[in-house]
Amino acid sequence: MKAKVQFYCTECGNELPKWAGQCPACHAWNTITERPAESKRKAAGSSMSVSMRESGRTSLRLPKQMKEIEATHELRFETGMSELDRVLGGGAVKGSLVLVGGAPGIGKSTLMLQICDHLCRFSKVLYVSGEESERQIKLRAERLQIHSDGLYLLSETNLEEVVEAVNSLNPDILIIDSIQTLYNGDLSTAPGSVGQVKECTMTLMQLAKGSGVTIFVIGHVNKEGSIAGPKVLEHMVDCVLYFEGEQQMAYRILRAAKNRFGATNEIGVFEMADHGLSEVPNPSEMLLDGRPQDTPGTCVTCVMEGVRPVLAEVQALLAPTSFNVPRRTSNGFDFNRAVLLLAVLEKRGGLMVSTCDAYINVIGGLSLEEPAADLAMIMALASSFRDKPIPNDLAAIGEVGLTGELRSVSALGQRLSEVRRMGFTKCLIPARSSGTLSIPDGLQLIRVKNIREALAAIL
Ligand code: TYD
Ligand code: MG
């Protein structure tokens, strides 16, 4: 890209690519000023408003009564990956713009390329990459065993060229990899800056709404929380999906942060293998894989991820502290909640945990946000403190209050079925649970009123 002349000297008219204190031509000080970049769109917009004013006619659209508006159901199509479809709310909506965010190397390009395989069978797909050449994409596609005729590749970073390509090819689905490499030549800032990513996303959004093309946009999130990342785009797009997971681990979790066409509490679980991502339809099994047996400091709970119950293993390690203030770290479990539970355990459970450092971890890169995991955390902490294992076939479900009492949780029946399905035979639950409960065969329920009772019953 040729550097745009943006600055000029008001004395001699000398043009500069960047600001300087002194003009290198006439040596005058403080004469360099910025030339406002003439935006094509702005120019077009202003001429239109002039012509509208001249003709004395405005094309103002009047508000309509809701009942006058014809409702057509959104058209959905499946992406060929049911885990992704579920997160999208039952397939992708035609003409929508979906942002797929995630850390570099997590597998966003791989996921998009893999869905192309299915999408190509019934539609025309254009994959635009600003990060890899067409050959590189082809090589990757071959490795993923995608040999589709309906897939078009374009290695391009200029937004105008991309829009032109879309207009001439007329694809049903457009994939942009990634938004940070795309730039609009009208803006002087570098690709990846806040202005550029917003501008490019806006243009793509107009393209999606105007021509009905479904667009998937990949956006990188960096570890620092990224300023020019997907966060600044969330309000513009229809769906925001985040692809999470530890790079060292094979498991990846796809989560919807925003969805204009469905719920946001679903997760999709994938596994990265030699031949790309494969779906994990049974996450509980995966999350419990390799669970230590007869070991203190671990307990299994069941949390609801959307409408799906998922078993998770929480681990705690308590060790005598050598500091004045004991250390607490928490991974996958809200830190403040963990500190609160430690205080409840000390005051209501009678365990002197304030003399110990506490390390808390949730296995499998899962982050537990539900209070239903409280009881399992208390049990894991107490088990580590007393150095006594919790029975291998026991799961614990329940919210813990500040007085140490156990509160009932939603969807208990569903959770219990999942617990039983995964081979557990005992489950610790709050004494009072709302509604009638159908207890799965072979599952023994241990009902407790507070954490003291829970500790007495198990440890
Ligand atoms: P990629 O999709 O390029 O990540 P992103 O687009 O999010 O930056 O995935 C890159 C990682 O995935 C890389 O570390 C290698 C790994 N990978 C596999 O393990 N198996 C595969 O078949 C593929 C294609 C990638
Ligand atoms: Mg990539």
Applying the selection to region 316-365, what residues are of a type in the set (Phe, Trp, Tyr) and either surrounded by 17 or more Cβ atoms within 10 Å (Cβ to Cβ) or outside the structural domain of Ile451 (by TED's automatic domain parsing) (or both)?
Phe333, Tyr359
Failed condition for Gly105, given (1) within 14 Å of ligand 2 (Cβ to nearest atom); (2) assigned to a strand (DSSP E or B), with all others met?
(2)
Look at Leu174 and say whether it is closer than 30 Å to Pro17 by Cα, hydrophobic (A, V, I, L, M, F, W, C) and within 23 Å of the chain's Cα centre (by Cα).
no
I'm checking my understanding of the structure. Among residues of region 184-224 that are hydroxyl-bearing (Ser, Thr, Tyr) and more than 23 Å from Arg260 (Cβ to Cβ), which one is nearest to ligand 1 (Cβ to nearest atom)?
Ser193
Taking only pairs six or more apart or across chains, which ones have beta-carbon atoms under 9 Å, a first residue in region 275-296 that is open to solvent by 20 Å² or more (accessible area, probe 1.4 Å) and away from ligand 1 (no atom under 16 Å from the Cβ), and a second residue that is outside any loop (DSSP other than H, G, I, E, B) and among the polar types (S, T, N, Q)?
Pro281/Ser82; Arg291/Thr298; Pro292/Thr298; Pro292/Gln315; Thr295/Ser383; Pro296/Ser383; Pro296/Ser384
Given (1) open to solvent by 50 Å² or more (accessible area, probe 1.4 Å); (2) in a helix (DSSP H, G or I), identify the lone condition not met by Asp441.
(2)
Filter region 258-282 down to the residues that are within 20 Å of Phe333 (Cα to Cα) and either of a type in the set (Ser, Thr, Tyr) or in the same structural domain as Pro389 (by TED's automatic domain parsing) (or both) and list them by number.
Thr264
Does Ser82 qualify as being in the same structural domain as Asn259 (by TED's automatic domain parsing), on the phi < 0 side of the Ramachandran plot and more than 14 Å from ligand 1 (Cβ to nearest atom)?
yes
Would you check which residues across region 222-244 are modelled with pLDDT under 85, part of a loop (DSSP other than H, G, I, E, B) and more than 16 Å from ligand 2 (Cβ to nearest atom) and list them?
Lys223, Glu224, Gly225, Ile227, Ala228
Considering only region 193-207, how many residues are in a loop (DSSP other than H, G, I, E, B) and crowded, with 18+ Cβ neighbours inside 10 Å?
0
Which of the residues belonging to region 91-106 are within 13 Å of ligand 1 (Cβ to nearest atom) and open to solvent by 10 Å² or more (accessible area, probe 1.4 Å)?
Ala103, Pro104, Gly105
Return the residue satisfying two criteria in turn: it lies in region 130-183 and is assigned to a loop (DSSP other than H, G, I, E, B) and among the aliphatic types (A, V, I, L, M), and of such residues it is nearest to ligand 1 (Cβ to nearest atom).
Leu144
If you scan region 410-438, which residues turn out to be of a type outside the set (D, E, K, R), over 18 Å from Val307 (Cβ atoms) and surrounded by 14 or more Cβ atoms within 10 Å (Cβ to Cβ)?
Phe424, Thr425, Cys427, Leu428, Ile429, Pro430, Ala431, Ser433
Take the residues in region 108-129 that are open to solvent by less than 10 Å² (accessible area, probe 1.4 Å) and not in a helix (DSSP H, G or I), then tell me which one is nearest to ligand 1 (Cβ to nearest atom).
Ser129
List the strands (runs of 3 or more DSSP E) that sit entirely inside region 306-380 and contain at least 2 residues that are hydroxyl-bearing (Ser, Thr, Tyr).
328-331
Of the residues in region 81-102, how many are touching a Ser or Thr at 6+ places or on another chain (Cβ under 8 Å), in contact (Cβ under 8 Å) with a residue 24 or more places away in the chain and part of a helix (DSSP H, G or I)?
1
Which of (1) in contact with a strand residue (DSSP E or B) (Cβ under 9 Å, 6 or more places away or on another chain); (2) in the same structural domain as Lys209 (by TED's automatic domain parsing) is the odd one out, the single condition Thr301 does not satisfy?
(2)
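The values are calculated or read from the model by the stated rules, or taken from the named source; none is laboratory data. All values reported here derive from a predicted model rather than from experimental measurement. Methodologically, a virtual Cβ is constructed for each residue, glycine included, from the backbone with ideal geometry; neighbour enumeration extends over all protein chains shown. Accessible surface areas use protein heavy atoms only, side chains included; no ligands, DNA or RNA. Shrake-Rupley method; radii C 1.70, N 1.55, O 1.52, S 1.80 Å.
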